[in-house]
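Beneath this line is the structure, given in structure tokens, with notes to follow.
The values are calculated or read from the model by the stated rules, or taken from the named source; none is laboratory data. Nothing here was measured: the structure is a model prediction, and the numbers come from that model. Here the Cβ positions follow ideal geometry from the backbone for every residue, glycine too, while neighbour counts run over all protein chains shown.
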Amino acid sequence: MDTLVTMFGDIIKQAMGLSKTATVVTEQNVYQEGEAAVLPCLDKMVETLALPGSGVEGLENLEDLLAKAESGKSCLLLLEHYSNMDLTTFSYFVRKAGGRGVDIDRAVVAIAGMKLTEDNPAVAAFASAYTRLVIYPSRSLQGLDAEKDHAEIVRSNAINRAAMKTLNDIKVKGKLILVFPSGTRYRPWDPSTKKGVREIDSYLRSFDYLCPVAMNGVLLKVGQGEMVDDPVGPDIVRITAGPVQSCAEFREKARAEAEAAGIEDKKQAAVDAVMARLEEMHTAAEEKRQKLFNK
């Protein structure tokens, strides 16, 4: 099976040559504007791999969210995460969907882990095509020693403070903040990767509106090594945006249900409700997607 590097080696080199992104994250550069010159490289990959029938359902919901953002409300896009090309396919198909698709894409700011910027220059080049707010993920702090890794812990705190300060500023300026609630791609051999991270509750608490987005179909599969060695293959990609909801109402309902069920961790319960909603949407969309293969 082809991998990202065997099928798109020339495009990878081109993207790396075009990208000007910093490869070290500091508190001064947590907000990184997308580089328009790199975007066509990623688009070419989607155009090569995506099969007929790929596209967006529920564009009107994304347009509703954008209208609320433009009115000064803080708005979340909560996406499922199955592939390192999820942001790429979301951006591509939203732009191709018509309506206000291009405006929606331009308004997106993705919350991105610093690994995408620092670990591999090819991955950093791909990430640079999209506007990002870089954070130091809590998963990356696991296993650090308070004494031995003191400098890294101090660095993580500085990066996250700067990121949250920036987030509080931009979230009411017409932006759509895109977050993957699981914090990582789903790996079939590790069920824990489909569990939402507890920190997502803080987003629900501090934002006005959310739009859940199911991602069905994978062009870049999860491998065991570097992203450039992940297997690629054609597929039908369907992106399904659900109705916009009040974050406060969604969170309060989830917490009330947790209370009734005797669940103590109300924050995790709210995040679990997000993941349950995405799973419900994913299952429904997958039934429709499978029918497309038979046409």
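Structure data summary
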{"quantity": "Flag if Val94 is surrounded by 22 or more Cβ atoms within 10 Å (Cβ to Cβ) and in contact with a Ser or Thr (Cβ under 6 Å, 6 or more places away or on another chain)", "calculated": "no"}
{"quantity": "Flag for Arg251 being out of contact with any Gly (no Cβ under 6 Å at 6 or more places or on another chain), buried (at least 21 other Cβ atoms within 10 Å of the Cβ) and within 28 Å of Asn168 (Cα to Cα)", "calculated": "yes"}
{"quantity": "Selection from the stretch 44-96 of residues that are among the aromatic types (Phe, Trp, Tyr), part of a helix (DSSP H, G or I) and touching a residue at least 60 places away in the same chain (Cβ under 8 Å)", "calculated": "Phe90, Phe93"}
{"quantity": "Identity of the residue in the stretch 1-28, more than 29 Å from Pro234 (Cα to Cα) and of a type in the set (A, V, I, L, M), that ends up surrounded by the most Cβ atoms within 10 Å (Cβ to Cβ)", "calculated": "Val25"}
{"quantity": "Scan of the stretch 101-112 for residues that are without any contact (Cβ under 8 Å) to a residue 40 or more places away in the chain and of a type outside the set (Val, Ile, Thr), ordered by number", "calculated": "Asp103, Asp105, Arg106, Ala112"}
{"quantity": "Residue in the stretch 258-295 that is farthest from Gln245 (Cα to Cα), counting only those that are β-branched (Val, Ile, Thr) and either surrounded by fewer than 11 Cβ atoms within 10 Å (Cβ to Cβ) or within 23 Å of the chain's Cα centre (by Cα) (or both)", "calculated": "Thr283"}
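The rows are residues; the columns are (1) among the basic types (Lys, Arg); (2) at positive phi; (3) at pLDDT 95 or above; (4) out of contact with any helix residue (DSSP H, G or I) (no Cβ under 9 Å at 6 or more places or on another chain).
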| residue | (1), (2), (3), (4) |
| --- | --- |
| Gly225 | no, no, no, yes |
| Pro243 | no, no, yes, no |
| Ala260 | no, no, yes, yes |
| Ala269 | no, no, yes, no |
| His282 | no, no, yes, yes |
